[in-house]
Amino acid sequence: MPSVLQLVFLFFAAVTVVGALAVVLVRNLFHAALWLAVTFLSVASLFIVLNADFVGLSQVIVYVGAISVLMLFAIMLTEDVVGARGLSLRSAWPAALPVAAGVCVVLVRWFARYAWLPPQPPKPGGTAGTIGLAFIQKYLFAFELASVILLAALIGAIYLAKEERS
Amino acid sequence: MRAYLWLIPLLPLLGVLINAWFGHRLPRRVSGAVACLVVFGSFVLGVAALIRLIGMPPGQRIIYHKLFPWISTGGFESAVALMYDPLSAVMVCVVTGVGFLIHVYSLGYMAHDPRYPRFFAYMNLFTFAMLMLVLADNFLLMFVGWEGVGLCSYLLIGFWFERKSASDAGMKAFIVNRVGDFGFLLGMMFIFAVFGSLRFHDVFKQVAADPATLTLTVTGICLLLFVGATGKSAQIPLYVWLPDAMEGPTPVSALIHAATMVTAGVYMVARCWIMFLNAPLALTVVACIGALTALFAATIALVQNDIKRVLAYSTISQLGYMFMACGAGVFAAGVFHLMTHAFFKALLFLGAGSVMHAMSDDTDIRRMGGLMKWLPVTGVTFWVGTLAISGIPPFSGFFSKDEIIWSSLAGPMGSWVFWVFGVVTAALTAFYMARLTFKVFHGQPRMSGEQKHHLHESPPSMAWVLILLAVGASLAGFLNIPPAIAHLLHLPERWTAAFTNFLEPSVGTHEQAVYLLEASVGGSQIGFAKLAHGLQHNAALEFGLMGITLALAAGAILTGRWMYVSRPGTGTALARKLPFLFRTLQNKYYLDEFYKAVIVRPGMALGNALWRGFDVLVIEGIVNGIAIATAIISRLFRVFQTGYVRNYAAGILAGAILIIWVLMR
Amino acid sequence: MTAPSLQIITWNLWVSAPVCALAASAMVTLIAGAFWPAFARWLTPCLALGGIALTAAFTILAGMLGLPPAGMQVMDSFTVVFDLIILIAAFITVLVSNHYVTRENLERGEYYALMMLSASGAMLMAASDNYVMMFLGLELLSIPLYVLAGFSRGRSESQESALKYLLLGAFASAFFVFGAALVFSATGSTNIVVAGDATERALVGTTPIYVIGLAMILTALAFKVALVPFHMWTPDVYQGAPTSVTAFMAVVAKAAGFGALARVAAAGPEGSWTVLLWGLSAATMIWGNLLAISQNNIKRLLAYSSIAHAGYLLMGILAGGRAGISAVLFYLLAYAAMTFGAFAAVIILAGRGDGAEDIEDYRGIARRSPLLGWTMAIFMFSLAGLPPFAGFFGKLYLFSAAVEAGYPGLTVLAVLTSVMGVFYYLRVTVVMWMQEPEAESGPAAQTSAPLLSRLVLSALAVAVLALGIFSSPVLRWTNSGSAGLERSAEAAIQMTLPEPTNAPAALSGGSR
């Protein structure tokens, strides 16, 4: 008999899967982006169920708040895509199906065998403090390095998007 | 001493780099000067090392210098290491000394060529390759030089590649040399398989330690190596490339024929003297091929009308002499002739170049005559060369050739058959050289009026080179005065056979040769070695035979004068009387035609058939097959290959699944 | 939970000095290019060269200090050797790029800055002993490359190439992260060696999860070095990207992937791991060489050839040990020299706007320019693995390492496929030397180039020859690198660092 927590987990897991499927299957690009936001949200919920409050909230802020909205803007600004019926992906089915089936078989086969441990009880005070300390202590260099990566991405984005002068 | 040994080959390489990269930017004068100076630098270093070598006790006259390990993997180790012993020293001095003079000569000769820097880059590269060949302390490095020399000969002979004959000749040299190189390569592989090393020192030590059991293997190896030598040194049956090699610029011919390239085979046989002495059968083959080639090429030279072609056949013939000496077991005599030959053959070729220069590149001696009047320096020096090659005392050829002819009888593997070959060839040599010289420089001028108008002596840079070489060709013989003569003239001990004594640590003494020969056939079965030992000190016999040779040579020269100056029609009349013989010789025994009919044509036919079959079945099959296969694959996997990112991603995912599957199996 | 302390820097900064130096130089280059655009033409490449040289000095210095691993990085002799190879490659890239960016009007500070950032990512990948750091390195390598691939903004092929690379690269990176997460959940450590220690896993029974995680990490690395079947992006991206960027990608990105593979390889499960690498290597060699034969575009040909070379390199990783890794390092160096050489020649030949990129356009070019003819012949001979060039010795060492490690079958396959390689490499040479130039047949190949390009071309040709002739000392140097790798792995096992108690609970939850 699954516990309440497990039932909640299963619910959000189901929403995630359905949302992901909808992203792929829905014809309208705008709708697909909305479904993506749903998926992100339910993933965030999963994190929170698993006591990863910081990661869950980041997921909401970054993915739902920023990325999904950005995508929606991009789609709306690209006029001829909004009204279009979307791309037909029918030709991709013969390749996608066996690959997807393969992924399914492999994951089910080995993950099912593995005796998963129940999640540990949450630590008092949440995880944000711990993560923050880790970032400025043990993982300081990695943390700083991530900013260098972001800088590189920034430079690239500016270069590629900038109007040519002259 | 060691510290600058590596500079000897490096300097010419430096010249190559300078001329290849900056050559077209530099003024011509600088470009040529650089090329000459680097070779001269090598020469100076070579001589300095030689002096150092002489200062050492005779038994220890060897300098090793390991530059760096080259290949080291598993069981195979090979280093880039140099060795300087008397034999290397002689070769280095000849290659750089004569090579330097040829470089200087080229300054004037090539002055008007548009690809001046490239010419000098190739010449320096040639010198570099040859120096690597003679300085190597192992077979592998020697092979690198061996191949490098082959490549450079291809580049230089085909230097004027606009002329079809030139690029064909380059190709011919390359292909024929490849055949020989294949033999060398096989021999090298056997050496490694049998001895587990490619270092001369290791291999020879093993052979010397156990001559009796190794004879059979060593004979095989020696025969394979000798195949390589016949290719490089233009012996029967692989000599065909050398006469065509004069398609290159004349200094190139001089370099190939005199100082480098063709001497490589003789050097290699001399270097492997221990192995060859352990293989009497191989040694006999060497001697027979040498003797046959000497006579055979000399007869062809009798009737050629191209000034460079006569000299080319004479080179083949002289190389035959050297191999005959080696085959008789007297390697020192072969190397000595190599050295004197380098002087007088370079002299003759450069003289021929000077004549061509004056004659507007005409090479037909039928259109020359009486040139002595216009080209006094060339004429006199050419005479020196002629007398030297004919073996007239006191020129250098007398000493070296006489030693070979005497060794062919008195050497440990000597025989009166070789002696007869040697003497007859000597007479023929004197005759065709006399014919050439008299026809070119004496008698009535036969050139056209325009040619006559342009006749002029070569510029000083070329003339001085001829003079220097003439001095060398005259005096080099005194380095090795035979004991018999020295004894007669009461010369001091150190004058007697100085060259041979110097070389002996590298190529063995008579006693060592006899010992090895006897050991390899098991006991004293070869009585003639003892007989030869007896002959060795028979001065009366030596003088007698020397007299015969000398008389024949002098007679031949006088006959030449009679036939081509006093009675100019005689030669033609003789040719008319013996049309068959004449035509056979004129056409070089139809051997080129024979090769063409027996080897080249069927080869080409086979090649063509193969090519057609190959072309149609395989290449087109592959091409069409690829096209069809690509079409099928792309139709099958269009989803992956149409350039759609999603399909590529699916491929990655499929691959990941595959990896997991394999890992979890 | 420990109290917050002011002791922030807990490791010796010297370990990170090379990466920091290169990234900082990249910033300087970027700023200089932005503030003095008038001098950008010569100032930015000079600054880039200076920065790279400075980084090399830092690398050598840091290597001499003999530092213990810190900050998820190892400064062992493997890192030093590898970093220097990357820096040499970056240096050559700057020199090779100069002609190209000038001709195609791409001369901006961003170009060199991004390239240097990418190189620092490559260095980080090989220096990391930890999957987290390796991932950061991977991203730092990749993100600038995505931009660089699309650097010719005017050309749609360049844009397409960048987009393809970005999408697929991000996809592959996702595999890496997910794999690393699984490894962590199975072992409680992201340290490569510690996580790879099988004894502890076996106690908890998490080996399957670990192996799946490792498989995903391998997928990402295999994508980066273009092993079959993760290679499909390579020809498209290589063809579309600016040629100088293609050269950088072909050498540095590949080298980085192999550096990371060398660190990871020892952590693989026994048995099936070797089977897997064997199969990947074989498939890559066969497929790369097979498809290269039918290419007409020189950049696509070089793309497939780079795939084939990845197959040979993987042999060295499979053989492992001192000889195998050392052979890989040597081969990377040789491969860098000959690949840069080939691309440098391609840059010159293509002419303005990359017009002539088909092999047929090169007909008879050697007659017009002996320099291009000779150098290209040397690079092609070397790529084909003919003696006495670097490529031959690289293959010799790889193959002999594979034989000694007990893979004669794979070696035979490698020899056979390299014979296939001779066919298409020589075709380029034959077209350049033997065929008559056809009048009016497509865009004509160019032969004129500035002095710098010619010098670089000849220097690379000399390097290819010199690496062949002086292979032994270089091999000794790379041997020290592989020895360092071995020592570090042993040291890491002995230390078996306890995981920090303050690790985020959410991340470590689940398995333990």
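No value in this document is a laboratory result; all are computed from the given coordinates. Because the structure is predicted, anything quoted here is derived from the model rather than measured. Heads up, the Cβs are rebuilt from the backbone with ideal geometry, glycines too, and the neighbour counts pull from every protein chain shown.
Could you check the spin-label model distance between A:F143 and A:C104? Points 7 Å from the Cα along Cα→Cβ, value in nm.
Inter-label distance under the simple model: 4.4 nm.
Step through the residues of region C:358-370 one at a time and calculate ³J(HN,Hα) from phi using the Karplus curve (6.51 cos²θ - 1.76 cosθ + 1.60, θ = phi - 60°), rounding each to whole Hz and writing x for Gly and Pro.
Running phi through 6.51 cos²θ - 1.76 cosθ + 1.60 with θ = phi - 60° gives 8, 4, 5, 5, 8, 3, x, 5, 5, 5, 6, 9, x Hz.
Pairing the Cα long axis of helix B:116-135 with the longest principal axis of chain B, what angle in degrees results, from 0 to 90 and rounded to the nearest 10?
With both axes taken from Cα atoms, the answer is about 80 degrees.
Percent relative contact order of region B:281-350, based on C-alpha pairs within less than 8 angstrom and at least six residues apart?
Details: 81 pairs, mean separation 25.7, N = 70.
With pairs under 8 Å counted, the relative contact order is 37 percent.
Given a cut-off of 25 Å, what percent of all Cα-Cα pairs of region B:148-271 lie beyond it?
Tail of P(r) above 25 Å: 32 percent of Cα pairs.
What's the FRET efficiency of B:D202 with B:R29 using the Cβ-Cβ distance as r and R₀ = 41 Å, to the nearest 0.05?
FRET efficiency, B:D202 to B:R29: 0.30.
Quick check: Cα centre of region C:342-356 to Cα centre of region C:275-329, how many Å?
Each part reduced to its Cα centre gives a spacing of 25 Å.
So what is the 222 nm mean residue ellipticity for the protein assembly as shown from helices alone, if each DSSP H run of at least 4 adds -39500 (n - 2.57) and you divide by all residues, rounding to the nearest 500 deg cm²/dmol?
Working: 63 runs with 979 residues, N = 1343.
Calculated mean residue ellipticity at 222 nm is -24000 deg cm²/dmol.
With N set to the number of residues, divide the alpha-carbon radius of gyration of chain C by 2.2 N^0.38 Å and report two decimals.
0.95
Please state the relative contact order of region C:273-469 as a whole percent: Cα pairs under 8 Å, 6+ residues apart?
Taking the mean separation of contacting Cα pairs over the length of region C:273-469, I get 30 percent.
From the phi angles alone, apply the Karplus equation (6.51, -1.76, 1.60; θ = phi - 60°) to region B:648-655 and give each ³J(HN,Hα) in whole Hz, x where the residue is Gly or Pro.
Values per residue, Gly and Pro as x: 4, 4, 4, x, 4, 4, 4, x Hz.
If each Cα of region C:374-492 is one equal point scatterer, what is log10 of I(q)/I(0) from the Debye formula at q = 0.16, 0.17 Å⁻¹?
-0.93, -1.00
Given the alpha-carbon gyration tensor of region C:273-469, what are the semi-axes of its equivalent ellipsoid in whole angstrom, ordered largest first, with each equal to the square root of 5 times an eigenvalue?
32, 17, 12
Using a Förster radius of 22 Å, what is the FRET efficiency between B:L581 and B:T284 based on their Cβ-Cβ separation? Nearest 0.05, please.
0.15
When a/c is below 1.5 the answer is rounded, else prolate if a/b is larger than b/c, else oblate, so apply that to region B:339-459 with a ≥ b ≥ c taken from the square roots of the Cα gyration tensor eigenvalues.
Prolate.
When Cβ neighbours within 10 Å are restricted to other protein chains, what is their mean count per residue of peptide A:134-144?
Values: counts 5, 1, 4, 9, 7, 8, 5, 15, 10, 1, 4.
Whole-number average of other-chain Cβ neighbours for A:134-144 is 6.
Quick one: give the max-minus-min coordinate of the C-alpha atoms of region B:243-378 along each principal axis, largest first, in Å.
54, 24, 23
Would you mind getting the Kirkwood hydrodynamic radius of chain B from its Cα pairs, rounded to one decimal in Å?
26.6
Could you tell me what a quarter of the Cα convex hull surface of region A:4-89 works out to, in nm² with one decimal place?
Taking the Cα atoms of region A:4-89, their convex hull projects to 5.6 nm² on average.
Go through region A:61-78 residue by residue and turn each phi into a ³J(HN,Hα) via Karplus (6.51, -1.76, 1.60, θ = phi - 60°); whole Hz please, and just put x for glycine and proline.
Coupling constants for region A:61-78: 5, 6, 7, 6, x, 9, 5, 4, 5, 4, 5, 4, 4, 4, 5, 5, 6, 8 Hz.
Consider just the alpha-carbon atoms of region B:74-198 and return their Rg together with their Dmax, both in angstrom.
Considering region B:74-198 through its Cα atoms, Rg and Dmax are 16.8, 53 Å.
Sorting check: for B:205-218, B:29-42, which peptide has the highest mean count of neighbouring beta carbons within 10 Å, and how do the rest follow?
Highest-to-lowest ranking by the protection proxy: B:29-42, B:205-218.
How big is the protein assembly as shown in terms of Cα radius of gyration and Dmax, in angstroms?
Taking only Cα atoms of the protein assembly as shown, I get Rg and Dmax of 38.1, 131 Å.
Mind giving me the nanometre distance, one decimal, between the label points for C:A34 and B:A111, set 7 Å out from Cα along Cα→Cβ?
With each label placed 7 Å out from Cα toward Cβ, I get 6.5 nm.
Please compute the contact order of chain C in relative form: average sequence separation of alpha-carbon pairs under 8 Å and at least six residues apart, divided by the residue count, as a percent.
On the way: 881 pairs, mean separation 81.5, N = 512.
Here the relative contact order equals 16 percent.
Cα gyration tensor of region B:1-75, axes a ≥ b ≥ c as square roots of the eigenvalues: rounded (a/c below 1.5), prolate (a/b > b/c) or oblate?
oblate
What is the calculated FRET efficiency for B:W383 to B:A551, with r their C-beta to C-beta distance and R₀ = 25 Å, to the nearest 0.05?
Computed FRET efficiency for B:W383 and B:A551 comes out at 0.80.
For B:I481, which sequence-distant residues (separation of 5 or more, or a different chain) have an amide H within less than 5 Å of its own amide H, given hydrogens modelled in the peptide plane?
Residues meeting the amide H criterion: B:A497, B:A498, B:F499.
I need two numbers for region C:47-158: Rg to one decimal and Dmax as a whole number, Cα atoms only, in Å.
15.3, 49
Tell me the volume per residue, in Å³, of the convex hull enclosing the alpha carbons of region C:152-274.
Numbers: hull volume 11.7 nm³, N = 123.
Per-residue hull volume (Cα only) is 95 Å³.
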